[in-house]
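Before any comments, here is the structure.
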Amino acid sequence: MGENKKVCLSIAGVDPSGGAGVIADVRTFARFGCFPAAAVTSLTFQNTTGVFGAVHQSAETVARQIDAVADDLSVDAVKTGMLPTREVIAAVAERISEWALSPAVIDPVVRSTSGFDLIDDEALAALTEMLFPLASVVTPNVPEAERITGVEIRGPVDAAEAAKRMLDLGAAAVLIKGGHAVGDGEMMIDRLFTASEVTEFAAPRIETTSTHGTGCALAAAIAARLAYGDTLTDAIAAAKAFVHEAIRTAPKLGRGSGPINI
């Protein structure tokens, strides 16, 4: 793939333990044959047991990273993760628009698995207002979808209502991930909502504590496949299969929620 290698840009935070954030995105891009680039939004202090704090980059610092990459490399897809402040979100939205960075996979990271809030309400409002209209797909898990929309999700009907509200905010498509869902039994079902249809992606639920970075890897894998020209449904199917296998073969590292095998 060397001659036609696609460039994928991650705009996200750094997890120093390597399981999530920019490091997970870069590893995932590489696994799918893409050339990875990254703009760092925040330096977090975390490992498999939790998030203990973060130091955020300024909007200017983030914007200048994106400018440096986009001015030199032809970016074929962009994926966003942790965007901690309204100012950073505004800078990212502006650069995505100015550099025409598309397709754009927006992973609305709002809270860590351990319960650490990664974004405040003001920043979350900016995320939906500024970035959803630029999104090829938004990829919230159930708690994220609930916080964004105010809809309590207890089944597919609730998920559809939450997705409709996010589509109304401007997103072209919404993938509500099934890892936290109730009512799907032994299957983990991700549901893709567009204005015209709903598509389900099912896989057997794996009982494991190794789930650190699953959302990052899924969104990055979707971006990678979109960069190579997949349809959105094909990209999601490939990404889900990749993450399912990464969970199944997780290396069992750390004392908490361990990383998956990216």
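Things to note:
- Residue within segment 204-218 that is over 18 Å from the mean Cα position of the chain (by Cα), part of a loop (DSSP other than H, G, I, E, B) and small (Gly, Ala, Ser) present: no
- Residue that is farthest from LYS79 (Cα to Cα) [pool: residues in segment 19-56 that are surrounded by fewer than 21 Cβ atoms within 10 Å (Cβ to Cβ) and among the aromatic types (Phe, Trp, Tyr)]: PHE52
- Annotation note: of ILE262, ILE222, ILE153, ILE236, the sole residue that is buried (at least 23 other Cβ atoms within 10 Å of the Cβ), assigned to a loop (DSSP other than H, G, I, E, B) and under 17 Å from the mean Cα position of the chain (by Cα) is ILE262.
- GLU94 satisfies every condition listed in (1) in a helix (DSSP H, G or I); (2) surrounded by 19 or more Cβ atoms within 10 Å (Cβ to Cβ) except (2).
- For segment 239-256, a residue qualifies if it is in a helix (DSSP H, G or I) and of a type in the set (Val, Ile, Thr), and the qualifying residues are VAL243, ILE247.
- Within segment 4-53, being touching a residue at least 12 places away in the same chain (Cβ under 8 Å), over 15 Å from the mean Cα position of the chain (by Cα) and in a helix (DSSP H, G or I) holds for one residue alone: ARG31.
- Odd one out for ARG64 among (1) surrounded by fewer than 21 Cβ atoms within 10 Å (Cβ to Cβ); (2) among the basic types (Lys, Arg); (3) touching a residue at least 24 places away in the same chain (Cβ under 8 Å): (3)
- Any hit, segment 133-154, residues being farther than 25 Å from TRP99 by Cα, of a type in the set (Val, Ile, Thr) and without any contact (Cβ under 8 Å) to a residue 24 or more places away in the chain: yes
- Only one entry of GLY213, GLY178 meets the criterion of being within 23 Å of GLY258 (Cα to Cα), touching a residue at least 60 places away in the same chain (Cβ under 8 Å) and not hydroxyl-bearing (Ser, Thr, Tyr), and that entry is GLY213.
- THR80 vs. criteria more than 15 Å from LEU9 (Cβ to Cβ), surrounded by 15 or more Cβ atoms within 10 Å (Cβ to Cβ) and hydroxyl-bearing (Ser, Thr, Tyr): no
- Filter result for the condition that a residue is under 28 Å from LEU9 (Cα atoms) and not aliphatic (A, V, I, L, M), over ARG165, ARG205: ARG165
- Among the residues of segment 54-100, those that are polar (S, T, N, Q) and either more than 18 Å from the chain's Cα centre (by Cα) or under 23 Å from ALA221 (Cα atoms) (or both) comprise GLN57, SER58, THR61, GLN65, SER74, THR80, SER97.
Read-outs: derived from the displayed coordinates by stated rules, not from any lab. A quick note: this is a predicted structure, and the numbers were derived from the prediction, not measured. A quick note on method: Cβ atoms are made from the backbone with ideal geometry, for glycine too, and the neighbour counts reach across all protein chains shown.
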